[in-house]
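Novice: Before I ask anything, let me first share the structure, which is written out below as structure tokens.
Nothing in this text is a laboratory measurement; each read-out follows from the coordinates by a stated rule. As the structure is a computational prediction, the values presented were derived from the model and not from experiment. Neighbour counts are summed over all protein chains in view; Cβ atoms, including those assigned to glycine, are modelled from backbone coordinates with ideal geometry.
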Amino acid sequence: MTTTHSSVTRSSTTSRWERFRDSYLLYSFKRDLIAQFSLAVFILLVGCALLAPWLAPMNPYDLAQIDILASELPPFWVDGSDPTYLMGTDSQGRDLLSTILYGLRVSLIIGFGAVAMQASLGVCFGLLAGYLGGRVDAFLMRMADIQLSFSTLMVAIVVGALFKAIFGGATFSTYAVPLLVLIIGLAEWPQYARTVRASVLAEKGKEYVDAARVMGLSSRRIMFRHILPNTLSPIFVISTVQVANAIISEAALSFLGLGMPETQPSLGSLIKSGFDYIQSGSWWITLIPGLVLVVLVLVINLLGDWLRDVLNPRLYKG
Amino acid sequence: MIAFLIKRLFHALLVMFVISVIAFAIQDNLGDPIQQMVGQSVPESERAVLREELGLNDPFAVQYLRFAANAVQFDFGYSYVFNEPTTDVILRHLPATLELVAASTFLIIALSIPIGVYSAIRPRAWLSRFFMGVSIIGISIPVFLTAIVLIQLFAIGVSVTPFPADTGWGGWLNDLLSTEGGMPAYGRGDPVAVFGTWETNFASLKGLSYLVLPAISLASIMLPLFIRLIRAEMLEVMQSEYVKFARAKGISLRRIYFLHALKNTMLPVITVGGVQIGTLVAYTILTETVFQWPGMGLMFLDAIERSDIPLIVTYLMIVGLIFVITNTLVDLIYGLVNPTVKLTGKPA
Amino acid sequence: MTTATSSINAASAPQTATPLLSMRGLEKRFSLSGDFLEQLKFKGGKLVREQEHVHAINGVDLDIQRGEALCVVGESGCGKSTVARTVMGLLRPSAGEIHYDGERIDDRSTKALLPFRRRMQMIFQNPYASLNPRMTIQQTLEEPIRLHHPDWSPARVKDQVAEVMDSVGIAADWGPRYGHEFSGGQRQRIAIARALAVNPEFIVADEPISALDVSIQAQVLNLLMEAQQKRNLTYLFITHDLAVVEHFGTRVAVMYLGRVCEVAPTATLFATPRHPYTQALMSAIPRLEDDRPQHIRLEGEVPTPVRLPSGCVFHGRCPHANERCRREVPAMIATDEGGQVACHGVEEGRI
Amino acid sequence: MSLLEVNHLDVRFALRGGDVKALRDICFSLDRGERLGIVGESGAGKSVAAFSLLNLIAQPGYIAGGSIRFDGQELIGVSDRALRRIRGHRISMIFQDPMMTLNPVLTIGEQMVECLKAHRRIASRDARAISLRKLQQVQIPSPEARLDQYPHELSGGMRQRVIIAIALLLDPDIIIADEPTTALDVTIQAEIMALLLELCEEHNVGLVLITHDLGVVSQVTQRMLVMYAGRVIEQGPTREIINDLQHPYTQGLIKALPQMATPGERLNQIPGSMPSLNRLPSGCAFHPRCGFVTRADGSHRQACHDQVPGFVTSGNCQAACHMVAEMIERERLPAEEQDR
């Protein structure tokens, strides 16, 4: 009995693997050079961020390692560089390469954290609005509309400013990472909610849901067993795009001084700190972290584009 | 038509109501008008009296109504920092922001429609692929970074010498890759005053030159989105039965593209795009910071830094009003362009 | 009026005491207007609030006897699908009652309806949308059995699934596969298997073959007829195709704009259609045999069910309409042939 | 020579896994004023055939070979500009779904006038007058008002009348109608079909009618083609095909109709379903579903398996079937041999 059971599970897992192997997803990935390249770069960047403490030549958080005399040194290919600092140093004398690696880590943590936050809010509200309809739907969607008409950036700036005013600058800096996750999550949930609602509505109108109702299944089972699994692919696609957006939002907030403090910089706050020195010719403090940020966001966007083409879900326009 | 307008007005009022409640809640919890009026030295007992006199101990709803009644007359109190009515401060900064947004909107519309249409008509052409590639890179660059890069290239200037300068072609390539700089990238210069307090950058070439870099960088955030939106919609419309039927009627391709397809493409673009143009106002916060453009965005950031609560609240209300007005206008335009909407609010 | 109709219905249905399913004065309206703001209209210089409804069905009385296949025919927008969905409890009627085996079912909660769910099942029109794309065939078929027989062992559930798969001609190895791997006809078989899995006695089929190709239609129709013989099923069969009705139905109800205009045994209806609409409908079917369409031309098109015509709903297109038709709603009357028809002309002997 | 002659038309779709042959070796002709029906189930390629006549197949599709001669002029390989002079002018089309066919943001008048102006030098007022006359011909109530209405203000039946009016605008030689009544209600269907038939007869316009409805074909057309999996499998005069069934598929299709069976009895069904074009069976594409093949003896079954059948002629009809070929062969044999 046990053996048959395990053999059944094994055969089903192999078939799932086979299904993946034969799937259109993998097939199109194999044929899409841009997608392969993007994924490779993305994995490389995530790997660098995760291994930052081991890869980085210095620890930018450790004040003892910082030599203020070595500030604003250019990267290695420019005259006047110091071979100790491959990518040069910033205005405080921190090794730019190390700071970027650590900053990349902060940006990625906030990006993924904020998307997890948005997704949980947005999926809950979207499911509720789509399935219950009526007043709940009208209220939630009107809220989402108002928030979206304000643009997510604006909401994030306002919420960020409020938090900073409520908690005070010092506390804000200490808890910057969770606060930024919260801020960006609160600012961007409507995108999710609208996408989820749209696909719930589309699925709800399909006959398999009617069939489930005719069977006598409870609303909850219909919602989670029947409707939710079918809305996963739009959620998946929008998640990719939203990670990119969240990283940009974080950078924008940091650039405005409402994000990560300079003692624990993200890519955005690095760009900001370098911006003050750009007139004096120290372009690398701004532009090298900027380049890393753009490459990171670009590969995520390219992956998102590829996913959207392959999965082709019904996405909410706008 | 009138019913439609009334409906839109109701809707707008509802939105403004929500915004004002939020704005008031901020003011109520964070602003302390007593401190602003009398400063630190006044003892607590006197403050309490003042508080009572000013009605600050009244219930939330009563205070809100008072706030709303004043807000309708554009009276939001005095700015802590400037010590003048907040509306005056905003009005002083409004023209700069509106001109920046207008210039960017012009750039976006003038570029996105031809590029979007072209890349939909010839999806496989190398130029289309180039545009699509550039647009996804454009989406991935944060607007402030675009601004910084523009400053580096065109205001500061870059001189690179990767090629041997002594050969003729090397020098030529170096010159090609180097930029001169010198474009104005700080503030508005000396705008010309028209209609009383309204100062404009559009009146002189010199004024326009100050507008170029900020407008380009502000446009850079929406332009790729618009190109992609127009292309996607147009591609969808080109697949439609009525375009096929128009081809079967033997009509020229140009007429099919620019009448049959484009008119239908513009319908969703108006609704989505119109709202996006409104949100450009939010992005001015970033561009104005980089270029020190003396508009509302820079002012707002300043107000946040100095905790000038009345100014923040006023800014939120005014920007909210701008969004509501653009959204209503967009709906109106959509209703006028789309014959299937009878301006009764629902499609026939 | 309603009482008159029901008494006629009762008189003409002497076969069994209680019909398996009966609808009494069934009405269903859908609101067209959204929230308060969208209901505002500008009329005669004044703003007025106006609610618009689609009158999908208004006043349907029908009885379905055990063992019969009642076909409901009509053109799009006549409310035939709404009847099916209301009977199955997917929609709540705006007025009227539905009785199943003598018990009222239209006002029950989802839970209280559960015992009836096992006895009545439904087959849908679009085979491409009626199977959950994320569930295997096995899961799809097991789900209703598990729900209605929570006490059954997994082995017994599997047996039941195997039995029902066999009875609709599905190979046993389809179980672990997903719906999208099958053709339209095969999917419709799976959907039928799902409906039969809990051994129902009554099946509502909403245009089950309209989305299929001719050669596949025949397969599915044969399957439904087989199942009826083997399992002693009762059908409520919704279709727009009169040829299918003639082949499949024991009794036919013709609907127009949310009302039943004629009910008769199939053979009677096809031999002597009485209602002018039935006559027009039948003359419109293209036949293989004759060369030239000799169809009765109807004026105009079906009006929208938003503002219903006064009197007989068909009067606007009826070649025989007179003043009374425009004024007075016709009641169901029994015909000599054993059917019932709602037409002033027939009652007066004009038609 | 016929007005329209299609010979060995091949259409393919360039898809990821390589080309899919959507149409193979399509041959037919149409005389002036003749009405031809193209019948088949979904996926048979009948719509592709209709659209390829004016080279209007959607993107991945392309014409891979063959010839289409219209009024002595070869249409394959000519420029889009030259084809445009024929489209809507000498050959016009009617599409399946009237709700989707008219441009929602242009008035009926604009859509009619532009068609006239594309093919003739004509003043707007004259074009409008012609449009009005055509709308009257298709019996639209208050035609004057319709010219300035948008499509969404008209019902489905009315829109299909407008589309017929557009098709007739320039007095074409041929109308290609792709399932013109499928999206309409039964009573409207009958009226639109009757109208189309009447107008074609009145103006001596040839009609290529694509449909899945055998009833419509038998009422409207003089000749018909039956298509299966991208090939023509049977063609001939409509009446003869329906009265004297030859090809097993056509037989199965007609016998599967409920109106051909005794009520309550089992319908004659064709097992299985139409193969998808990228996985066509070898030989005769119909052989896995064909009742004759399963009953036939080994050598004949092998032929159905291996060889694509050619056309055999019986009377005025042609059928592409090994079994029919064999039956005709057998009839030619002396009677005594058949008895044995």
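Novice: Please list, in order, the residues from region B:90-112 whose amide nitrogen is less than 20 Å from a point placed 7 Å along the Cα→Cβ vector of B:Asp302.
Specialist: From region B:90-112, the list is B:90-101.
Novice: Taking only Cα atoms, what is the 0 to 90° angle, nearest 10, from helix A:2-22's long axis to the longest principal axis of chain A?
Specialist: In chain A, helix A:2-22 runs at an angle near 60 degrees to the longest axis.
Novice: First select every other residue whose beta carbon is under 12 angstrom from the beta carbon of C:Leu298; then total the charges, Lys and Arg +1, Asp and Glu -1.
Specialist: -3
Novice: Check D:Ala64: other-chain or 5+ apart residues with amide H under 5 Å from its amide H, H built from backbone geometry?
Specialist: D:Asp10, D:Val11, D:Arg12
Novice: Which whole-number percent of Cα pairs in region D:191-340 have a distance greater than 24 Å?
Specialist: Considering region D:191-340, 42 percent of its Cα-Cα pairs are separated by more than 24 Å.
Novice: May I pose another question? Given region D:102-169, report the % of alpha carbon pairs whose separation exceeds 17 Å.
Specialist: Pairs farther apart than 17 Å: 30 percent.
Novice: Between B:Lys206 and D:Glu144, what is the label-point separation in nm under the 7 Å Cα-to-beta-carbon projection?
Specialist: 6.6 nm
Novice: Among A:Thr152, A:Thr99, A:Thr174, which one shows the biggest mean-square fluctuation in a GNM of chain A, springs joining Cα atoms closer than 10 Å?
Specialist: Evaluated over chain A, the most mobile residue of the options is A:Thr174.
Novice: In addition: Give me the distance in nm between label points sitting 7 Å out from Cα along the Cα-to-Cβ direction at C:Glu52 and B:Trp172, one decimal.
Specialist: 6.9 nm
Novice: If you plug each phi of region C:195-204 into the Karplus form 6.51 cos²θ - 1.76 cosθ + 1.60 with θ = phi - 60°, what whole-Hz ³J(HN,Hα) values come out, in order, with x for Gly and Pro?
Specialist: 5, 7, 4, 9, 6, x, 10, 9, 10, 9
Novice: Another question, then. Give the Rg/Rh ratio for region B:58-134, taking Rg as the radius of gyration of the Cα atoms and Rh as the Kirkwood radius, to two decimals.
Specialist: 1.38
Novice: For a quick check: sort B:Ile251, C:Ile105 by the number of other beta carbons within 10 angstrom, fewest at the front.
Specialist: Fewest-to-most Cβ neighbours within 10 Å comes out as C:Ile105, B:Ile251.
Novice: Classify region B:151-298 as rounded, prolate or oblate, taking a ≥ b ≥ c as the square roots of the eigenvalues of its Cα gyration tensor: rounded when a/c is under 1.5, otherwise prolate if a/b is larger than b/c and oblate if not.
Specialist: oblate
Novice: Same structure, new question: What are the chymotrypsin sites (Phe, Trp or Tyr not before Pro) within region B:184-288 that DSSP puts in a loop, where the Cβ has at most 10 other Cβ atoms within 10 Å?
Specialist: Taking region B:184-288 and a limit of 10 other Cβ atoms within 10 Å, the loop chymotrypsin sites (Phe, Trp or Tyr not before Pro) found are B:Phe195.
Novice: Just to confirm the number: angle between the C-alpha axis of helix D:186-203 and the first principal axis of chain D, 0 to 90 degrees, nearest 10?
Specialist: The answer is roughly 80 degrees.
Novice: For chain B, what are the DSSP H helices with axial Cα length of 27 Å or more and mean Kyte-Doolittle hydropathy of at least 0.0? All intermediate terms of the calculation are to be shown ahead of the outcome.
Specialist: Details: long enough: B:2-30 (41 Å, 1.78); B:86-121 (50 Å, 1.37); B:205-238 (44 Å, 1.39); B:262-291 (38 Å, 1.12); B:309-337 (42 Å, 2.12).
Helix filter hits for chain B: B:2-30, B:86-121, B:205-238, B:262-291, B:309-337.
Novice: What stretch of chain C, leaving out the sites themselves, is the longest with no trypsin sites (Lys or Arg not before Pro) in a DSSP loop having at most 11 other Cβ atoms within 10 Å?
Specialist: Longest stretch, sites excluded: C:1-306.
Novice: To make sure I understand the rule: partners must be aspartates and glutamates, Cα under 17 Å from the Cα of A:Lys30, and not fewer than 8 residues away in the same chain. Which ones qualify?
Specialist: A:Glu18, A:Asp22, A:Asp305, A:Asp309
Novice: Then there is this: Where a ≥ b ≥ c are the square roots of the eigenvalues of the C-alpha gyration tensor, would you call chain B rounded, which needs a/c under 1.5, or, failing that, prolate if a/b is larger than b/c, or oblate?
Specialist: Values: a/c = 2.92, a/b = 1.35, b/c = 2.17.
The shape class here is oblate.
Novice: OK, next. Would you mind getting me the FRET efficiency between C:Asn232 and B:Val49? Use the beta-carbon distance for r and R0 = 60 Å, nearest 0.05.
Specialist: Step by step, r from the Cβ atoms, then E = 0.10.
Novice: Taking region A:186-246, how much of its Cα-Cα pair set, in percent, is spaced more than 13 angstrom apart? Mind showing how you got there, number by number?
Specialist: Working: 1157 of 1830 pairs.
Here the long-distance tail beyond 13 Å is 63 percent of all Cα pairs in region A:186-246.
Novice: Say a paramagnetic label sat at a point 7 Å from the Cα of B:Ile109, along Cα to Cβ; which residues of region B:267-283 have their backbone N under 17 Å from it?
Specialist: B:267-281, by backbone N distance to the label point.
Novice: Rounded to the nearest 20 debye, what is the charge dipole size of chain C about its Cα centre when +1 sits on each Lys and Arg Cβ and -1 on each Asp and Glu Cβ?
Specialist: Values: 39 positive and 41 negative charges, 193 e Å.
Approximately 920 debye in magnitude.
Novice: Same structure again: Wrap a convex hull around the Cα atoms of chain D, take a quarter of its surface area, and give that in square nanometres.
Specialist: Seen from a random direction, the Cα hull of chain D projects 20.4 nm² on average.
Novice: Name the shape class, rounded, prolate or oblate, that the alpha-carbon gyration tensor gives for region D:251-339, where a ≥ b ≥ c are the square roots of its eigenvalues, rounded holds for a/c under 1.5, and otherwise prolate holds if a/b is larger than b/c and oblate otherwise. All intermediate terms of the calculation are to be shown ahead of the outcome.
Specialist: Numbers: a/c = 1.84, a/b = 1.19, b/c = 1.55.
It comes out oblate by the Cα gyration axes.
Novice: At 7 Å along the Cα-to-beta-carbon direction for both D:Arg295 and D:Glu265, put a label point, then send me their distance in nm to one decimal.
Specialist: Computed distance between label sites D:Arg295 and D:Glu265 equals 1.6 nm.
Novice: At a Förster distance of 41 Å, what's the computed FRET efficiency of A:Phe167 paired with A:Ile34, Cβ-Cβ distance as r, to 0.05?
Specialist: Numbers: r = 43 Å, r/R0 = 1.05.
Calculated transfer efficiency: 0.45.
Novice: Can you give the net charge of the other residues whose Cβ lies under 12 Å from the Cβ of B:Met238, counting K and R as +1 and D and E as -1?
Specialist: +1
Novice: In Å and from the alpha-carbon atoms only, list the Rg and Dmax of the protein assembly as shown.
Specialist: 36.7, 132
Novice: What whole number of Å gives the distance from the Cα centroid of region A:135-166 to the Cα centroid of region C:115-187?
Specialist: Computed from Cα coordinates, the inter-centre distance equals 45 Å.
Novice: Let me ask something additional. What FRET efficiency comes out for the pair A:Gln65/B:Leu30, r = Cβ-Cβ distance, R0 = 56 Å, nearest 0.05?
Specialist: Approximately 0.90, to the nearest 0.05.
Novice: Mind scanning B:Lys206/B:Lys263; A:Lys164/A:Lys272; A:Lys206/C:Lys28 and naming the pairs with a C-alpha gap bigger than 26 Å? If you can, show how the numbers build up before the last one.
Specialist: Working: B:Lys206/B:Lys263 38 Å; A:Lys164/A:Lys272 18 Å; A:Lys206/C:Lys28 21 Å.
Table pairs above 26 Å Cα-Cα are B:Lys206/B:Lys263.
Novice: How big is the C-alpha Rg of chain A next to the rule-of-thumb value 2.2 N^0.38 Å, as a ratio?
Specialist: 1.19
Novice: Which one of C:Ala172, C:Ala331, C:Ala191 has the biggest mean-square fluctuation once chain C is modelled by GNM with Cα springs under 10 Å?
Specialist: Highest fluctuation among the options: C:Ala172.
Novice: Anything over 18 Å Cα to Cα? Flag those among B:Lys244/D:Lys21; B:Lys249/D:Lys134; D:Lys21/D:Lys46, in the order listed.
Specialist: B:Lys244/D:Lys21
Novice: Cβ under 10 Å from D:Thr182's Cβ, D:Thr182 left aside: what net charge do those residues give with Lys, Arg +1 and Asp, Glu -1?
Specialist: Around D:Thr182, the charge tally is -4.
Novice: Taking every pair of alpha-carbon atoms in chain C, what share in percent sits in each 20 Å bin, from 0 to the bin with the longest distance?
Specialist: Pairs per bin, as whole percents: 28, 54, 18, 1.
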